[in-house]
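Below is one structure, written out as structure tokens; the observations come after it.
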Amino acid sequence: MSTIAAISTAPSNGGIGIIRISGKDCFKILEKIFKPVNPQKIEDIRGYTMKYGHIINFKTNENIDEVLVSYFKAPKSYTTEDMCEINSHGGIVVEQEILNQCLLAGATLAEPGEFTKRAFLNGRIDLSQAEGVIDLINSKTEKEAKASYNQLEGALSKKIQEIRKDLLDIMADIEASIDYPEYDIEELTSQKIENVIKNVKEKLVNLENSFENGKILKDGINTVIVGKPNAGKSSLLNAILNEERAIVSSVEGTTRDTIEEFITVHGIPLKIIDTAGIRNAKDEIEEIGVKKAINLIEKADLVIYIIDNTIPLQEEDKKILSLIKDKKAIILLNKLDEGDLKLENSQELKQIEKPIIKISAKNKVGLEEVYNKIAEMFKLNEIEISQGNVITNIRHKNQIRKAINAIDESYYVFEEKMPLDLISVPIKETLQELSSITGENVSEDIINEIFSKFCLGK
């Protein structure tokens, strides 16, 4: 493989920048552009050490920057290849100039995720661990970061390998019973097969079921704020964000389009969407906003319906109540600072059987109760992310579902008392589906698709 180089830090001004080089010619290229204060032969430089010096224009010998260079010798590096990291001053211009020198000296510009891809191809990590890297980089909350780190550390891989080992053991027993029928071990093998299949099915189902929590960890709770015009939707959004994000006005219909922001509740991201007030629209633009709000209700994980608590319920309220009756929803009675009509006692609100909380969005009263109710509804405090028992990746979830289907087929063959060698077919299929998670049995197209989502330099 060629020797690759890329800027690994974000493309902006900062304290330091890092340019990575990896490949068999790494140190030859570095020697052309780096002049250490205390020169040494590369064979005398230990891995995991740093040297101070200057990056130069290797054609003019002119200094470009004062740097520290980290040395990593194969196979003890991120990619398992000879590798170095140039720690320069942070700045788009200087980092790009150092990268240009690397390329002029013989390196090839790395593709997105190519350093991690080489770590996978060279066997240092498996595919699920590589996916843990990008998930960790993209984490929005501490809990999501911890789940991603567990995956990077190989927690999921270990569970998959445990299941594969159980299946491989019974495959060996099946082969033995076929090759040595004179020992009459089929009855013992059959009993073991039944126990293992049931045990494997249970483990796979537990992993699949964990995806519901994993999806919340990764994607957050898609939360839509709805209500009539002037009920306090924008005020609520501003109170939640603690900033004047949305325009608040006494004029009805101020919000014509959606406003989207992320917040964190009990360590879980909430994608909050403020929508146009739902009523009979006064013009074409408002009508589009109202239709969009109604569509968002259908797709939402959670609907927050805010009601003006100082006026009686109206026809628009009944329409909104009908829209949210089958959704997870919280009803907020707003403007507690202006009065209280005790709308929670109305028959319309009682019938819908949704949690009702009184708030003042203007004075930020009742918000903590709202957060606690969300945590209770989605059981956020029960999400356990230790020991790698949460699946956050839809690809992994799909492969586990395929493995469950295959193991069900093997149990059907067993129950029908078909010959033992026929059971090996769906068991092999189960093994293949699980191997796709760790990358032992996956197409090049899938590998390329996964690493295309990485940033340059990782």
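The values are calculated or read from the model by the stated rules, or taken from the named source; none is laboratory data. Worth saying up front: this structure is predicted, and the values here are computed from it rather than measured. Positions of Cβ are generated from backbone atoms using ideal geometry, with glycine treated the same way; all protein chains shown enter the neighbour counts.
Of the residues ILE331, ILE320, ILE306, which is modelled with pLDDT under 90 and crowded, with 17+ Cβ neighbours inside 10 Å?
ILE320
Annotation: LYS201 fulfils all but one of (1) within 30 Å of GLU316 (Cβ to Cβ); (2) charged (D, E, K, R); (3) assigned by TED's automatic domain parsing to the domain that holds LYS165; the unmet one is (1).
Mind checking whether some residue in region 365-381 is more than 30 Å from the chain's Cα centre (by Cα) and either not small (Gly, Ala, Ser) or not assigned by TED's automatic domain parsing to the domain that holds VAL196 (or both)? Looking through region 365-381, at least one residue is more than 30 Å from the chain's Cα centre (by Cα) and either not small (Gly, Ala, Ser) or not assigned by TED's automatic domain parsing to the domain that holds VAL196 (or both). Of the residues making up region 57-88, those that are in contact with a strand residue (DSSP E or B) (Cβ under 7 Å, 6 or more places away or on another chain), buried (at least 16 other Cβ atoms within 10 Å of the Cβ), more than 20 Å from ILE125 (Cα to Cα) and not charged (D, E, K, R) number 8. Here the condition is being over 30 Å from ILE268 (Cβ atoms), surrounded by fewer than 17 Cβ atoms within 10 Å (Cβ to Cβ), of a type outside the set (Phe, Trp, Tyr) and modelled with pLDDT under 90; of ASP219, ASP169, ASP173, it holds for ASP169 alone. Evaluation of SER235 against the conditions (1) in the same structural domain as ALA375 (by TED's automatic domain parsing); (2) modelled with pLDDT of 85 or more; (3) under 27 Å from the mean Cα position of the chain (by Cα) shows that the sole unmet condition is (3).
Checked against the criterion of being over 30 Å from GLU243 (Cα atoms) and either hydroxyl-bearing (Ser, Thr, Tyr) or in contact with an Asp or Glu (Cβ under 7 Å, 6 or more places away or on another chain) (or both), region 360-378 has no qualifying residue.
Within region 85-97, the set of residues being over 21 Å from ASN61 (Cα atoms) and more than 29 Å from the chain's Cα centre (by Cα) comprises just one member, GLY91. Counting only residues that are under 17 Å from ALA231 (Cα atoms) and either out of contact with any helix residue (DSSP H, G or I) (no Cβ under 6 Å at 6 or more places or on another chain) or not in a loop (DSSP other than H, G, I, E, B) (or both), region 335-361 holds 16 of them. Evaluate region 442-456: report whether one residue or more is farther than 30 Å from GLY17 by Cβ and in contact (Cβ under 8 Å) with a residue 60 or more places away in the chain. Within region 442-456, one or more residues are farther than 30 Å from GLY17 by Cβ and in contact (Cβ under 8 Å) with a residue 60 or more places away in the chain. Restricting attention to region 91-103, the residues being buried (at least 21 other Cβ atoms within 10 Å of the Cβ) and of a type in the set (Asp, Glu) number 1. Identification of strands (runs of 3 or more DSSP E) wholly contained in region 43-103 with 1 or more residues that are without any contact (Cβ under 8 Å) to a residue 40 or more places away in the chain yields 49-57, 62-72. Only residues that are among the hydrophobic types (A, V, I, L, M, F, W, C) and at pLDDT 90 or above were counted across region 342-360, and they come to 3. The residue of region 258-303 that is farthest from the chain's Cα centre (by Cα), among those that are among the acidic types (Asp, Glu) and at pLDDT below 70, is ASP283. GLU208: under 24 Å from the mean Cα position of the chain (by Cα) and either modelled with pLDDT of 80 or more or closer than 15 Å to LEU431 by Cα (or both), yes or no? In short, yes.
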